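S.K.: Take this structure, written in structure tokens, and hold onto it; I'll ask about it next.
Just so it is clear, none of the values below were taken in a lab; they were calculated from the coordinates. Computed from a predicted model, the values in this text were never measured in an experiment. For neighbour counting, all protein chains shown are included, and Cβ atoms are generated from backbone atoms with ideal geometry for every residue, glycine included.
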There are 2 protein chains.
Amino acid sequence: MVSQRGEGETTTTPAEAADKERARAIPEAAVARLAVYLRVLSGMAESGVTAVSSEELSQAAGVNAAKLRKDLSYIGSYGTRGVGYDVEVLVSHIERILGLTRNHSVAVVGIGNLGHALANYGGFPGRGFPVTALFDVDADLVGIPVGGIPVNHIDEITEVCLEREVSIGVIATPPPAAQSVCDRLVSAGVQCILNFAPVVLQVPDNVEVRKVDLAVEMQILSFHVARRADEAASVSVGNNGLGVDGMVIRP
Amino acid sequence: MVSQRGEGETTTTPAEAADKERARAIPEAAVARLAVYLRVLSGMAESGVTAVSSEELSQAAGVNAAKLRKDLSYIGSYGTRGVGYDVEVLVSHIERILGLTRNHSVAVVGIGNLGHALANYGGFPGRGFPVTALFDVDADLVGIPVGGIPVNHIDEITEVCLEREVSIGVIATPPPAAQSVCDRLVSAGVQCILNFAPVVLQVPDNVEVRKVDLAVEMQILSFHVARRADEAASVSVGNNGLGVDGMVIRP
DNA sequence: TACCGCTTGTGAACGCATGCACAAAGTCGG
DNA sequence: CCGACTTTGTGCATGCGTTCACAAGCGGTA
Ligand SMILES: NC(=O)c1ccc[n+]([C@@H]2O[C@H](COP(=O)([O-])OP(=O)(O)OC[C@H]3O[C@@H](n4cnc5c(N)ncnc54)[C@H](O)[C@@H]3O)[C@@H](O)[C@H]2O)c1
Ligand SMILES: NC(=O)c1ccc[n+]([C@@H]2O[C@H](COP(=O)([O-])OP(=O)(O)OC[C@H]3O[C@@H](n4cnc5c(N)ncnc54)[C@H](O)[C@@H]3O)[C@@H](O)[C@H]2O)c1
């Protein structure tokens, strides 16, 4: 497959257009890894590293080298055969694909245990995600600054979100309040939601939700210990451990 | 592929053995969803609901009904055709598969913003994950109870973890300390790690790591807004959206 | 008992993601 | 300028996960 450039059918520059077209086709799983590569690459850049091979980068990112190259190929061919990748170049292209060329203003709703931690966290602004608004229903919290930002009352959510052009809403309220908060964020024009409440949110098609469910994470870990314990038990009983589909190996 | 029953090669009861064998074959993605079904079912049980159909449950869990049934089929056939599932029965079987029949003691390392939130969170003990140990390197924190548990110094990690039979270690330290903390947890016999630090951890094969990376989550959201914006732009410019590999059209 | 309508459980097809293996494309030393 | 060596980019095969569609099975009803 030859990448055809210079067809000049669009009004944007050819390079940009190519990137935008590609973005459509990137697998979700690859996007998540690109974000990891970006972090690793940023670290390398700060340490003065200017070039990196797929082998090195894949090691640092904890993935297979072939997968890394495939992932990078989704965003274009920016490596030099026989040499590797230029760190700066890769950083800027990944940032462009991930939409990090502009800042994404974040609002946190529910300034309890978790909300406080998020508001105080310095890692978001540094990565292009400034926290610009905090909301809570508790009158005692309203007005008090957390991490430098004063807490607004939840009823002001629409005006404040519009005014500060919030693009990502973080839900850190108790579960019963989550859906209602979500609805209010959506009607305030927020199209991206990060949800910490253990609740399945209903949203319109044009809104993207990602959930972080710590209890689920722990249960997955629990499953793996249980499985391991079972395997150990089976082996000690004399099970030979051949797969369920029992293919015989070795011709 | 026929599931073979009654071979009677193990010493455990047939039902248990069947479950254990199945656990091996459950796709990772399905395990995560089973945890969600469990939460929804627990909620239903508390509300007095005793029976549920795959359609209802799938709606509540935010998934496709066919997928839900497939997921449940991985753990066995506990439904009644023409009727649905008994809530209690499903709950107990999912709990068994996920290894929730016993408690999993949790240790949190790094009692800063996030560590405090985790230690104070009431949702874990209630779901079979009691937090039994807290660690930090900061001498000012050591001895102070957080969420009812006194903070231990990180140097005591091995003894305390062994003594309290910690099975899950949560890393909430700054990134530079994460790998060293991880190593210490591993040498203390902890086989499951939940990592909040934006770092790729190196661990032996017998240790399971899951990471929660909020910056990555936000970047994925950012990608989606960017993609949507691009699509809108393409349409408004009149681009017909043919892919990069697109055949050239021309009458 | 025989039939009917409903819901489960699952075989089979499909589509996406992963990993392999190698040609293409570059660098570097002579 | 050439040939040896290195590393990328990707076609292809394989495996996993999702979705569809329907036979099997159960409860209710006449
Ligand atoms: N703290 C953790 O470590 C942790 C871990 C996993 C999940 N979670 C989840 O995160 C969420 C928050 O946890 P938390 O420990 O911070 O709880 P919390 O009770 O400490 O804080 C909740 C905050 O939300 C506010 N609130 C309640 N209703 C609201 C509404 N309608 N609008 C705006 N604000 C509202 C409350 O006033 C309170 O300040 C919960 O859903 C919890 O299940 C928390
Ligand atoms: N706070 C958040 O909302 C948030 C969000 C995303 C990611 N994170 C990540 O979670 C981690 C913790 O964040 P935080 O905001 O709680 O940081 P923090 O600085 O508030 O707390 C870190 C704690 O770890 C302790 N610590 C440092 N070195 C240690 C060591 N070797 N052993 C034991 N304890 C040690 C410190 O004393 C401090 O109490 C960081 O890696 C951060 O990137 C936090």
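S.K.: Where the only charges are on Cβ atoms (+1 Lys, Arg; -1 Asp, Glu), what is the dipole of region A:15-97 about its Cα centre, to the nearest 20 debye?
M.R.: On the way: 10 positive and 11 negative charges, 62 e Å.
With Lys and Arg at +1 and Asp and Glu at -1, about 300 debye.
S.K.: Could I ask something else about it? For a Förster distance of 35 Å, can you work out the FRET efficiency between the beta-carbons of B:His153 and A:Glu46, rounded to the nearest 0.05? Mind showing how you got there, number by number?
M.R.: Numbers: r = 31 Å, r/R0 = 0.89.
Efficiency, rounded to the nearest 0.05: 0.70.
S.K.: I'd like the FRET efficiency for A:Asp183 and B:Ala232, computed as 1/(1 + (r/R0)^6) with the beta carbon distance as r and R0 of 22 Å, rounded to 0.05.
M.R.: Values: r = 24 Å, r/R0 = 1.08.
About 0.40, to the nearest 0.05.
S.K.: Can you sort B:His224, A:His104, A:His153 so the residue with the fewest Cβ neighbours within 10 Å comes first? Write down the numbers at each step before the final one.
M.R.: Details: B:His224 20, A:His104 23, A:His153 15.
Lowest to highest Cβ neighbour count: A:His153, B:His224, A:His104.
S.K.: Cα gyration tensor of region A:106-214, axes a ≥ b ≥ c as square roots of the eigenvalues: rounded (a/c below 1.5), prolate (a/b > b/c) or oblate? Let's see the in-between values first.
M.R.: On the way: a/c = 1.27, a/b = 1.25, b/c = 1.02.
Note, shape of region A:106-214 comes out rounded.
S.K.: When the Karplus curve 6.51 cos²θ - 1.76 cosθ + 1.60 is applied with θ = phi - 60°, which whole-Hz ³J(HN,Hα) does each residue of region B:181-190 get, with x for Gly and Pro?
M.R.: Computed from phi, the couplings for region B:181-190 are 4, 4, 4, 5, 4, 4, 6, 8, x, 6 Hz.
S.K.: Looking only at other chains, what is the average number of their beta-carbon atoms within 10 angstrom of each beta-carbon in A:204-216?
M.R.: Mean partner-chain Cβ count within 10 Å for A:204-216: 5.
S.K.: Inside 10 Å of the C-beta atoms of A:171-177, what's the mean count of C-beta atoms belonging to other chains? Please list the in-between numbers first.
M.R.: On the way: counts 0, 1, 0, 1, 3, 0, 0.
That average works out to 1.
S.K.: Taking the Cα centroid of region B:154-210 and of region A:140-179, what is the distance between the two, rounded to the nearest whole Å?
M.R.: 34 Å
S.K.: Write out the trypsin sites (Lys or Arg not before Pro) in region A:90-133 meeting two conditions: DSSP loop, and at most 15 other Cβ atoms within 10 Å of their Cβ. Let's see the in-between values first.
M.R.: Values: sites: A:Arg96, A:Arg102, A:Arg127; in loops: A:Arg102.
Filter output for region A:90-133: A:Arg102.
S.K.: Could you give the nm distance between label points at A:Val63 and A:Ala32, where each point is 7 Å from its Cα heading toward the beta carbon?
M.R.: According to this spin-label approximation, the distance is 1.1 nm.
S.K.: Of A:Thr101, A:Thr132, A:Val89, which is farthest towards the positive pole of region A:55-142's charge dipole, taken about the Cα centre with +1 and -1 on the beta-carbons of Lys, Arg and Asp, Glu respectively?
M.R.: The one lying farthest along the dipole's positive direction is A:Val89.
S.K.: Okay, moving on. For B:Glu231, B:Glu217, which order do you get if you count the other beta carbons within 10 Å of each Cβ and list the fewest first? Walk me through the numbers before you get to the answer.
M.R.: Values: B:Glu231 15, B:Glu217 19.
Final ranking by Cβ density, sparse to dense: B:Glu231, B:Glu217.
S.K.: Quick one: divide the alpha-carbon radius of gyration of region B:71-164 by 2.2 N^0.38 Å and tell me what you get.
M.R.: Values: Rg = 18.7 Å, N = 94, 2.2 N^0.38 = 12.4 Å.
Normalised Rg, Cα atoms only: 1.51.
S.K.: Report the equivalent ellipsoid semi-axes for region A:15-97 in whole Å, largest first, defined as the square roots of five times the eigenvalues of the gyration tensor built from alpha carbon atoms. Intermediate values should be presented prior to the final figure.
M.R.: Values: eigenvalues 71, 39, 30 Å².
For region A:15-97, the ellipsoid semi-axes come out as 19, 14, 12 Å.
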